[in-house]
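The values are calculated or read from the model by the stated rules, or taken from the named source; none is laboratory data. Keep in mind the model is a prediction, meaning the values are calculated, not measured. Cβ coordinates were reconstructed from backbone atoms using ideal geometry, including for glycine residues, and neighbour counts include every protein chain displayed.
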Amino acid sequence: MYLPKRNTLGWRYLWTISTIITGVLLFNFVWSTYTIRVNEYEQQKEKAYILTEQLVSMRAFIAQNQDRINYDSTGHFEYKHLSPAVVGKGVGDIFNTRTDYSLKQTRLGVRNPENEPDDFEKAALVSFLTESNRKEYFGQDVIDGNRVFRYIVPLYTESLCLPCHGGPAGQIDFSGHPKEGLREGDLAGAISVSIPMESYYATLADNRNSMILFSLILLVATLIGILFTTSRLVVQPLQMLTDKVLKVADGELATSFEGFPMYGEIETLAGEFSSMVTKLQDFYKNIERKVATRTRELEVANLHLIERQNALAQLNQKLSENNRYKSEFLATVTHELRTPLTSISAFTELLLDEDMGPLTVEQRENLLDIKTSAQQLMMHISDILDMAKLEAGHLQIARERVDLNDVFRMVRRSMSAIAFQEGVQLNLDRVKVPLVYADPDRLRQIIGNLVANAIKFTKEGGRIHVTAAAEQYHAVIKVTDTGVGIPAEKIPHIFEKFEQGDASMTKRRSGTGLGLTLVKLLTEMHEGQVHVESEPGKGSTFFIRIPYNGKGDAKNV
C-alpha cells in the first residue's frame, strides 16, 4: 500500500479526509449521547407519571366509595379508617418495601408526621401554590448518597374531600382530625415519587462506549479504504505520468506514455500528453520561423493590449465608483426605510395591546391595516436588497439539515396576520419528509414569497394550502391557492424580473415584481427546481423541489 510522504498532495488529501470524518463522527457522538440522555430522562419521567396516576386513581376510587365503606347494609355509619389518605399511605409503604422506588403522600400541614415533606417536596408544594397552572415538578436529587429522579404532582381539593378537609376550619371530622377549612380547587397536597437512577447512568455509559468503539472502527476502516483506493487509482498512476512528463520537459520527445496502468481521466490525460508530444515533434522542425512570426504578432498584440488595458482601467474606475454609489444607496435604503418601518410595527403593536387605552373596532382594524402594510413593505424592501446582492454576486446561502416543519412554523408566524387581514384562509400542514439540505432563512423566504403572491391573487374567502411530500431524491413543497389563476401565455414569463400580473385581477396591494424572481433564483442556488401549474379561474399550484443531499441533479427528479 502506498503511504504518502509528508506535505505531498496525498498526505494533504488523507489529512483533510481524516479531519472531516473525525469531525463528523465526533458530532454524531455528541448528538447521539445528548439524544439518548434526553430519551432516558423522559422514560424516567414517564414511569414516575404512571406511578403517580395509579395512586391518584386509587385515591379517587376510595373517595367515591366512602359511603359503601363506612355504612353497613342497615345504614349504620361506622368509620373503617379507609380514607384515601390512609389507603394511599398504606399502599405507598407496601410499594416502598417491595421496590427500590419511593412512593409518598405529602403536604405542607400534615396529619401524619411520616408524610412530612423534605426540602425538595417543600419546594414543589410552594411552586404549586404560586403557579396555579403547574401540573408537575421534577428533577434530580441525592438521597442517602444515591442519585434519584424526583417527580411530584399536585392534589387539589374536590367535593368528595370536603367532609374531612373542608369547613369550618378546626372542627373535628369523623376520623378524629381537625378540618383544614379547604375549599374546592385548593391545593390539598402532592404525590411524590423517587426513582433510583443507577440504571439510567449505566445505560448512558453502555451507549457511550458502544458509540466510541463503533466510531473508531469506522474511522480506521474508512481511512484504510481511502488510502488503498487513492493509491491504486490516482497517486501511483499520477506519479508515473509525472516522471514521463519530466522527461519530455528535459527534451526527450521520444518518451512513450504507454506501459503503466491508467484509469479514467488519468488515461485521457496520458493520451493527450502523448498526442501533444507527437505534435511537438512536428512543430520542432520549423520552430524558428514560427517564433519570429509570433514575436512580431505579439509586439502588435501587446500594443493593442496596452491600449485596451488603459481603457479597461478607466472603465474599472467608473465601475468602482458606481459600485460604491450603489453600496451607499443600499445602505441608506436599509437604514432610512427599515428603521422607521420597525418603529411603525413596534408602535402599532403597543397600540394593539391597548396599554394606552381601549380601541374601537374601527381603530383596531386601521391599526391591523398599518401593521400588515408595514410587514408587506418590509418584505418588498428585503426583496429589492436581496436582488441587488444577487446581481452583485454577494448573496450567499448557509445550508444545513432543515426540518420543513420548522420552516412552515416561521412562515405561518410571519404571514398569518397578512392572510387574515385579506380575508384569506392560510393552512400549512405538518409534514413527514426527510430533512432537506438548505438555508432555513432563504427557504422561509422562498415559501413566504409564494404565500404572499398567492394572497395577492386570491379573493376574500379563498384558501391557500402549503404542504410537502417526499420523492426519491427531493422534498416537493406545494403552495396551492384558489385565486384567479394565470393565463397560459403568461406562465413562461412569471419568474422574470418586474413581471406583474394583470392589475385588474389583483387586490389593492401590489408588489415589486421581484418576489417570484427571487423564488426561482434562490431555489436554483439550492440546486432545486421550481415550476407552476395554473388555469384561469381555478387557482395556481407552485412546486418547489429541494434536494435532500444538496445535489439537485435534474435527472433524479
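State whether one or more residues within segment 194-212 are among the acidic types (D, E), in the same structural domain as I21 (by TED's automatic domain parsing) and out of contact with any Cys (no Cβ under 6 Å at 6 or more places or on another chain).
Among the residues of segment 194-212, at least one is among the acidic types (D, E), in the same structural domain as I21 (by TED's automatic domain parsing) and out of contact with any Cys (no Cβ under 6 Å at 6 or more places or on another chain), which makes the answer yes.
Quickly run through segment 139-180 and pick out the residues that are without any contact (Cβ under 8 Å) to a residue 24 or more places away in the chain and closer than 22 Å to A124 by Cα.
G139, V142, D144, G145, H165
With the requirement that a residue be of a type outside the set (S, T, N, Q) and under 13 Å from R111 (Cα atoms), what does segment 171-193 give you? Let's see the steps before the verdict.
Narrowing segment 171-193 to residues of a type outside the set (S, T, N, Q): 172-174, 176-191, 193.
Answer for segment 171-193, where residues must be of a type outside the set (S, T, N, Q) and under 13 Å from R111 (Cα atoms): I172, D173, G176, H177, P178, K179, E180, A188, G189.
Taking the residues in segment 163-178 that are modelled with pLDDT of 80 or more and buried (at least 17 other Cβ atoms within 10 Å of the Cβ) as candidates, determine which candidate is farthest from the chain's Cα centre (by Cα).
Here the residue is C164.
E307 - would you say it is modelled with pLDDT under 80 and in a helix (DSSP H, G or I)?
Taking the combined requirement at face value, the residue does not satisfy it.
Please specify each residue of segment 475-499 satisfying the condition of being more than 17 Å from F408 (Cβ to Cβ) and in a strand (DSSP E or B). Write out each step before concluding.
First, pick out the residues of segment 475-499 that are more than 17 Å from F408 (Cβ to Cβ): 482-499.
Within segment 475-499, no residue meets the criteria.
Of the residues that make up segment 222-239, is at least one within 33 Å of the chain's Cα centre (by Cα), of a type in the set (A, V, I, L, M, F, W, C) and either modelled with pLDDT under 85 or in a helix (DSSP H, G or I) (or both)?
Looking for residues that are within 33 Å of the chain's Cα centre (by Cα), of a type in the set (A, V, I, L, M, F, W, C) and either modelled with pLDDT under 85 or in a helix (DSSP H, G or I) (or both), one finds at least one in segment 222-239, hence yes.
Can you tell me which residue in segment 388-445 is farthest from the chain's Cα centre (by Cα), limited to those that are acidic (D, E), closer than 20 Å to Y548 by Cβ and part of a helix (DSSP H, G or I)?
Of everything passing the filter in segment 388-445, D441 is farthest from the chain's Cα centre (by Cα).
I'm trying to understand the selection: among the residues of segment 15-67, which are more than 26 Å from Q140 (Cβ to Cβ), under 24 Å from the mean Cα position of the chain (by Cα) and surrounded by 15 or more Cβ atoms within 10 Å (Cβ to Cβ)?
I21, L25, listed by residue number.
Working only within segment 420-438, note down all residues that are closer than 23 Å to H531 by Cβ, out of contact with any helix residue (DSSP H, G or I) (no Cβ under 8 Å at 6 or more places or on another chain) and surrounded by fewer than 22 Cβ atoms within 10 Å (Cβ to Cβ).
N427, P434, Y437
Step by step: first the residues of segment 90-133, then only those that are hydroxyl-bearing (S, T, Y) and surrounded by 13 or more Cβ atoms within 10 Å (Cβ to Cβ), then the one that is farthest from E180 (Cα to Cα). Which residue is that?
Of everything passing the filter in segment 90-133, Y101 is farthest from E180 (Cα to Cα).
Take the residues in segment 470-515 that are under 18 Å from D441 (Cα atoms) and touching a helix residue (DSSP H, G or I) at 6+ places or on another chain (Cβ under 6 Å); name whichever of them is modelled with the highest pLDDT.
Checking each candidate, the answer is V479.
Being without any contact (Cβ under 8 Å) to a residue 40 or more places away in the chain and either in contact with a helix residue (DSSP H, G or I) (Cβ under 8 Å, 6 or more places away or on another chain) or of a type in the set (D, E, K, R) (or both) is the filter; apply it to segment 116-136 and report the residue that is farthest from M197 (Cα to Cα).
Within segment 116-136, the match that is farthest from M197 (Cα to Cα) is E131.
Being modelled with pLDDT under 75 and assigned to a helix (DSSP H, G or I) narrows it down to one of A346, A254, so name that one.
A346
Identify, from the list K318, K371, K326, the residue that is basic (K, R), part of a helix (DSSP H, G or I) and at pLDDT below 70.
Answer to the check: K326.
Every residue in segment 403-419 that is over 16 Å from N449 (Cα atoms) and loosely packed, with under 14 Cβ neighbours inside 10 Å, please.
The one that is over 16 Å from N449 (Cα atoms) and loosely packed, with under 14 Cβ neighbours inside 10 Å: D406.
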